[in-house]
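S.K.: Here it is, the structure, as structure tokens.
The values are calculated or read from the model by the stated rules, or taken from the named source; none is laboratory data. Treat the numbers as computed from the prediction; the structure is a model and nothing was measured. A quick note on method: Cβ atoms are made from the backbone with ideal geometry, for glycine too, and the neighbour counts reach across all protein chains shown.
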Amino acid sequence: MRTIRKQSLSNISEFKNQLLHWAQQFREVVFLDSNTNYNSSRKYANYDFILAVDALTSIKTDYTNAFIDLHQYQSQTNDWLFGYLSYDLKNDIEDLKSNNNDGLQFPDLFFFQPKKLFLVKENQLEMHYLNMCDDEVDSDFEEILSSTSSFQLPTSCIINQRISKENYLSKVEKMLEHIHRGDIYEANFCMEFYAENAVIDTLEIYKKLNIISEPPFAVYFKNNTDYLLCASPERYLKKEGLKVISQPIKGTAKRSFDIESDEVSKTELENNPKERSENIMIVDLVRNDLSKTATKASVNVEELCGIYTFKQVHQMISTIVSEVENTTSPVEIIQTTFPMGSMTGAPKISAMNIIENLEETKRGLYSGAVGYFTPNGDFDFNVVIRSILYNFKNQYLSFSVGSAITSKSIPESEYDECLLKAKAMFEVLQ
């Protein structure tokens, strides 16, 4: 059981900052930021930001039987749970492998039940404390309000590229051969940038990344020595009552400082046949995935190929919804749609096999999902892209970028799109 305390806030951005600094003392931290000041028109946002800290219970596992274990944990705990699903949980769902290089060594799945939870909407704060520690609410709130920025660790990291440009172009050509042979229609192909012996101030790097992008699905995640600093613009899946919502992104165009050029870039994206066909292919895949748990005839496309503007890029986003029975387990809805179509391809299993053979890094948490379950079985998860992953213990830092390869892809253009997506990460690390 939880004690709920409500409080009005006068300076939201200052409180957000103080909350983040105060959270650093805990072993487990999940901070989710909708950046509502920049994304006020985004549909389906429940909170402006959320902080969950300090595990009472947790689950950490590799991919073997991961979804069975998560279902058991979620249904027995019946409380707020925060954590992540790594891309490699695909191996639990299908007969697939992940044998590529893994410098990060994160668990495949991790969730925890926080002792202390902070939910902010507009200027209202709700603190949900487990009864065992509800006598700390007032002293914690005072401590948060007096939190200040600590000493900043200077960044020290030399970034390397896992796949050279020449090698990347030849791998995309191989991907195109698969497409022309009819093995797949589309696949998301990714490459890693990494640094060994990297020293970073995780909180400062996250804050810089968030300021550059102000995305609707930003995350600061910490599990002891494992960190995720995420500036994701994409929702993977949300359940609200009996409604399920998926919002895949396919289609990217760069922003321009010049207003006229920026509008041209936006219009060109909207009318680009390659980008539209990419998006529509994934919409079909998502419709098929959602139909596995949907009630009859309830899968609908709410918005097709909508154009949304972010600080760094314009994106093409579609919204697909369905209804489920109230007896359907939330974990089943995730399992039958995971990994998300926007990060795999179509057909999904063939695409994942080809991706594994051509990529050189185990994806791990990159292109997985971070989010939460509520006590009544609702959930909301992002897609882990535009993100820096860091293992503090072995000082390994990694960020990956990718693009969708279709029959219309030009390898050089795909490479340029990857560099465009990597721009913000390079900027905050150098």
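S.K.: Could you tell me whether any residue of the stretch 346-363 is part of a strand (DSSP E or B), modelled with pLDDT under 95, buried (at least 17 other Cβ atoms within 10 Å of the Cβ) and under 21 Å from the mean Cα position of the chain (by Cα)?
M.R.: Yes, there is a match, as at least one residue in the stretch 346-363 is part of a strand (DSSP E or B), modelled with pLDDT under 95, buried (at least 17 other Cβ atoms within 10 Å of the Cβ) and under 21 Å from the mean Cα position of the chain (by Cα).
S.K.: Search the stretch 290-313 for residues that are in contact (Cβ under 8 Å) with a residue 24 or more places away in the chain and farther than 16 Å from residue 272 by Cα and pair each with any residue that is aromatic (Phe, Trp, Tyr) and surrounded by 15 or more Cβ atoms within 10 Å (Cβ to Cβ) when their beta-carbon atoms are under 9 Å apart and the residues are at least 6 apart or on different chains.
M.R.: So the pair list comes out as 310/38; 311/38.
S.K.: While we're looking at this one, here's another question. Which ones in the stretch 63-96 are polar (S, T, N, Q), touching a Phe, Trp or Tyr at 6+ places or on another chain (Cβ under 9 Å) and over 18 Å from residue 112 (Cα atoms)?
M.R.: 91
S.K.: Could you grab me the full set of residues in the stretch 285-317 that are under 20 Å from residue 243 (Cβ atoms) and among the charged types (D, E, K, R)?
M.R.: 287, 289, 292, 296, 302, 303
S.K.: Any residue at all in the stretch 58-70 that's in contact (Cβ under 8 Å) with a residue 12 or more places away in the chain, farther than 28 Å from residue 33 by Cβ and of a type in the set (Lys, Arg)?
M.R.: No: the stretch 58-70 contains no residue that is in contact (Cβ under 8 Å) with a residue 12 or more places away in the chain, farther than 28 Å from residue 33 by Cβ and of a type in the set (Lys, Arg).
S.K.: Report whether or not residue 277 is outside any loop (DSSP other than H, G, I, E, B), surrounded by 15 or more Cβ atoms within 10 Å (Cβ to Cβ), without any contact (Cβ under 8 Å) to a residue 60 or more places away in the chain and among the small types (Gly, Ala, Ser).
M.R.: Considered against the rule, which asks whether it is outside any loop (DSSP other than H, G, I, E, B), surrounded by 15 or more Cβ atoms within 10 Å (Cβ to Cβ), without any contact (Cβ under 8 Å) to a residue 60 or more places away in the chain and among the small types (Gly, Ala, Ser), residue 277 comes out as no.
S.K.: While we're looking at this one, here's another question. I need a count of the residues in the stretch 327-344 that are more than 18 Å from residue 381 (Cα to Cα) and touching a Leu at 6+ places or on another chain (Cβ under 6 Å).
M.R.: Adding up the residues that qualify gives 0.
S.K.: Does residue 261 fit the bill of being free of Cβ contacts under 8 Å to residues at least 12 places away in the same chain, over 30 Å from residue 20 (Cβ atoms) and either hydroxyl-bearing (Ser, Thr, Tyr) or touching a strand residue (DSSP E or B) at 6+ places or on another chain (Cβ under 9 Å) (or both)?
M.R.: yes
S.K.: Could you grab me the full set of residues in the stretch 328-380 that are among the hydrophobic types (A, V, I, L, M, F, W, C) and within 23 Å of residue 296 (Cα to Cα)?
M.R.: Those that are among the hydrophobic types (A, V, I, L, M, F, W, C) and within 23 Å of residue 296 (Cα to Cα): 331, 333, 334, 338, 340, 379.
The rows are residues; the columns are (1) at pLDDT 95 or above; (2) farther than 29 Å from residue 106 by Cβ.
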| site | (1), (2) |
| --- | --- |
| 242 | yes, yes |
| 246 | yes, no |
| 259 | no, yes |
| 284 | yes, yes |
| 290 | yes, no |
| 305 | yes, yes |
| 309 | no, yes |
| 318 | yes, yes |
| 322 | yes, yes |
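S.K.: Which residue pairs have Cβ atoms closer than 7 Å, lie 6 or more positions apart in sequence or on different chains, and pair a first residue in the stretch 22-38 that is within 17 Å of residue 140 (Cα to Cα) and basic (Lys, Arg) with a second residue that is at pLDDT 95 or above and in a loop (DSSP other than H, G, I, E, B)?
M.R.: The qualifying pairs are 27/224.
S.K.: Checking the condition surrounded by fewer than 23 Cβ atoms within 10 Å (Cβ to Cβ) and under 20 Å from the mean Cα position of the chain (by Cα), which residue from 226, 262, 258 passes?
M.R.: 226
S.K.: Give all pairs with beta carbons closer than 6 Å in which a residue from the stretch 132-152 that is of a type outside the set (Val, Ile, Thr) meets a residue that is surrounded by 11 or more Cβ atoms within 10 Å (Cβ to Cβ) and not in a helix (DSSP H, G or I); count only pairs at least 6 apart in sequence or on separate chains.
M.R.: Pairs that qualify, where the first residue is of a type outside the set (Val, Ile, Thr) and the partner is surrounded by 11 or more Cβ atoms within 10 Å (Cβ to Cβ) and not in a helix (DSSP H, G or I), are 133/115; 134/3; 152/201.
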